[in-house]
Each structure stands twice: as C-alpha cells, then as structure tokens.
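Below is one structure; the comments refer to it alone.
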Amino acid sequence: MKGHLFCFGLGYVGEALALQAMKHGWRVSGTTRSKKKIERLRSIGIEAFHYVECETPDEDMMQSLKAASHVIDTIQPSRNWPDSVYRMIVNGALSDEVQWIGFLSSAAVYGSTAGKVVDETAQLKPGIDVEVTRVLREKNWMALYDKAGLPVHVFRPAAIYGPGRNQLAWVKAGRKEMVYAPGIVFNRIHIDDLALGLLRSMEKPQPGEFFNLADDVPAEPMEVSYYACKLLDIPPGPVIDLNDSNLPYEVRCFYDHNHVVTADKIKQNLGISWQYPSYREGLLKLFKDGQIGQDNRWS
C-alpha cells in the first residue's frame with residue numbers, strides 16, 4: 001500500500017481523488033456531511049465519517065486522521081464558518097510523520113485579468129466573498145509550512161467539469177441559450193485530470209508550492225456550448241448579449257472571471273500530460289461513455 005489519504009470533503013473532487021488513489025493502491029478515508037453517502041462510500045472501500053464543520057468529530061475519525069500520511073481539505077469555504085480543518089491541524093491532529101497536506105482553493109482568486117495569462121506568481125484579486133475567504137485561508141494554510149514546516153501544498157483549479165457536471169448536461173436539460181460575450185475566455189479542468197494532478201503531487205511532494213490546475217486551451221463559453229449542441233445533435237438556442245438587462249445577475253457574475261490560467265508549473269514539475277487538454281476531448285469522452293447527466297464512476 002502506497003499510503004493513507006484522509007480527505008476532508010468526499011464531494012465531487014474528493015470522490016474523484018479517492019477513486020484514483022484506490023486504483024493505485026492507497027488506503028482512503030475521509031468525511032462527508034451526508035449521512036446517506038456513508039454506506040455507499042464504505043461499500044467501495046472508503047473509511048467514511050460523518051462530519052460537519054464546527055461539530056465535534058468522533059474519536060474514530062480523529063484516530064484515522066492521525067494515522068494518515070497524506071491529508072487534503074476540499075471543503076468549499078464559507079465566511080460564516082471558521083476553518084475547522086485548519087484549526088484541527090494547528091492543534092496537533094496530524095501525525096508527526098505526515099508527508100503531504102493539500103488545500104484546494106480556486107483559480108477564481110486571480111479575479112478578472114482581461115484575458116491575460118496568469119501563473120502562480122500573479123497578483124490575487126478576489127471579488128466575491130467566497131474568493132476573499134479562499135485567499136485568507138490560502139495564507140493561513142501556507143503559514144503552516146512557513147512557520148511550522150508542515151508539508152503544505154495549495155491547488156487552484158480552473159472551472160471543474162466531468163460526469164454529471166458539464167455543458168452537455170446543461171444543453172440536454174434545456175439550457176441552450178448562447179451568451180454572446182466576446183473576449184471572455186477561461187480555462188476548464190476535467191475532474192479526472194484534476195485528480196491526476198493531486199495524486200501525482202501526493203506521490204512527489206513539493207511542500208510550500210502553489211499549483212494551478214487547468215487545461216491547455218481556454219475557450220469562450222459560447223464556443224463550448226456550440227460544441228455540446230453539435231455532439232448531441234441539438235439546435236443551439238438563441239444568442240443573448242451579455243449586457244442584456246434580462247440576463248440573470250448570477251449569469252452575468254459567471255462571466256466576470258476573464259482570465260487564462262497556465263498549469264505549466266505542475267505539468268513540468270511533476271511530469272504530467274493531461275488526458276483532456278481541452279474541452280473538446282473532455283466533452284467527447286463524456287458523450288461516448290454516456291456520462292453526461294449522472295456521475296456513474298462508482299457503479
């Protein structure tokens with residue numbers, strides 16, 4: 001067995017990482033807020049524990065955490081909740097032999113850069129509250145490396161897609177409108193490539209580093225929507241201008257992040273080649289495998 005991964009947050013990213021890790025001989029344990037998921041997770045070999053931030057964790061969970069060689073926090077932060085996972089680590093919840101600690105942030109912390117390419121050294125310009133919170137937590141987590149020597153790594157994924165969460169599913173569900181936003185481009189990352197990047201980092205730790213996780217071909221959202229319609233043989237919907245007053249506020253906010261993220265650092269440092277270097281390979285694979293509207297990786 002290669003090691004023991006403890007994953008805070010066995011959600012979309014956490015499950016994908018768990019799946020890849022187990023395929024490579026890792027022991028995996030972790031947490032979920034959903035009591036309904038525990039039985040399913042345990043049935044496939046994950047030591048799952050029910051845990052909600054700010055609640056007192058049970059003794060079995062803490063023992064499993066203490067035994068872990070690798071630990072990651074994938075829980076989306078909220079300014080209304082303190083960083084309880086960080087607090088556990090500060091209070092000595094990990095083994096002295098822990099080899100790797102990961103914190104999952106987001107490429108959205110770069111804010112909008114008018115399409116300019118950004119790497120890990122770029123200035124952070126968070127906009128909405130959750131991104132401001134992510135930046136604060138990045139600093140706290142990296143301080144564990146700077147001040148305590150813990151093997152902390154921070155990851156900033158681009159827009160995540162994969163089984164059950166993709167443009168094909170949206171088009172099939174009737175969301176065919178084409179938002180005309182010229183010049184608005186951003187990267188994506190297939191969930192399997194994201195998990196691959198995390199796993200390679202686990203196998204070859206480089207503490208104190210920030211890593212972007214993004215595909216190689218940024219694209220305009222309307223381009224991706226057209227391709228999804230083409231694969232499904234569904235006529236595209238009407239074109240809507242981004243400045244249309246009838247466009248929901250949430251949709252307009254989605255297009256605020258106009259930046260191109262490079263993941264050259266993690267690919268070069270860890271010798272990674274993406275399975276899905278652009279949205280085309282990713283969506284085509286989902287289409288061929290019938291993984292459009294549901295996540296059936298565990299079936």
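The table for this structure:
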quantity	calculated
Contour excess over end-to-end distance, with Cα ends at Thr121 and Ala143 and 0.36 nm allotted per residue	6.2 nm
Anisotropy class of region 77-127 from Cα gyration tensor, a/c 1.5 cut	oblate
Neighbourhood charge, 13 Å Cβ-Cβ cut-off, centred on Trp141 and excluding it, Lys, Arg +1 and Asp, Glu -1	+1
Qualifying aspartates and glutamates (Cα of each under 19 Å from Cα of Lys267; at least 8 residues distant if same chain)	Asp119, Glu120, Asp192, Asp193, Glu203, Glu209, Asp215, Asp216, Glu281
Radius ratio Rg over Rh of the chain, counting only Cα atoms, Kirkwood formula for Rh	0.97
Within straight-line cross-link reach of Lys172, aspartates and glutamates at Cα separation under 16 Å, skipping those fewer than 8 residues along the same chain	Asp233, Asp289, Asp295
Whole-number D in µm²/s for region 95-205 (Stokes-Einstein; Kirkwood sum over Cα pairs; 4 °C, 1.567 mPa s)	79
11 Å beta-carbon shell around Val90, net charge (K/R +1, D/E -1)	+1
Whether region 40-102 is rounded, prolate or oblate, judged on the alpha carbon gyration tensor where a/c under 1.5 counts as rounded	oblate
Residues Ser78, Ser245, Ser64, sorted so that the one with the fewest Cβ neighbours within 10 Å comes first	Ser245, Ser78, Ser64
Full-extension gain in nm, Lys288 to Val217, via 0.36 nm per residue minus C-alpha separation	23.5 nm
Simple spin-label estimate for Gln99 and Gln63 in nanometres, 7 Å along Cα-Cβ	2.4
Restraint check, Lys116/Lys204; Lys125/Lys147; Lys2/Lys23; Lys2/Lys35; Lys116/Lys265, Cα-Cα greater than 19 Å	Lys116/Lys204; Lys125/Lys147; Lys2/Lys35
Packing-based exposure ordering (other Cβ within 10 Å, fewest first) of His50, His190	His50, His190
Residues Ile72, Ile240, sorted so that the one with the fewest Cβ neighbours within 10 Å comes first	Ile240, Ile72
Cβ-Cβ FRET estimate between Val251 and Asn91, R0 fixed at 41 Å, reported to 0.05	0.45
Local electrostatic count at Lys265 - Lys and Arg +1, Asp and Glu -1, tallied over other residues with Cβ under 9 Å	-3
C-alpha long axis of helix 191-203 to longest principal axis of the chain, angle in °	30
Cα gyration tensor shape for region 23-140, rounded if a/c is under 1.5, else prolate or oblate	prolate
Estimated dipole of the chain in Debye, rounded to 20 [Cβ of Lys and Arg +1, of Asp and Glu -1, Cα centre]	440
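Read-outs: derived from the displayed coordinates by stated rules, not from any lab. Everything quoted here is computed from the prediction, not taken from an experiment. Counting neighbours? That spans all protein chains shown, and the Cβs are built from the backbone with ideal geometry, glycine included.
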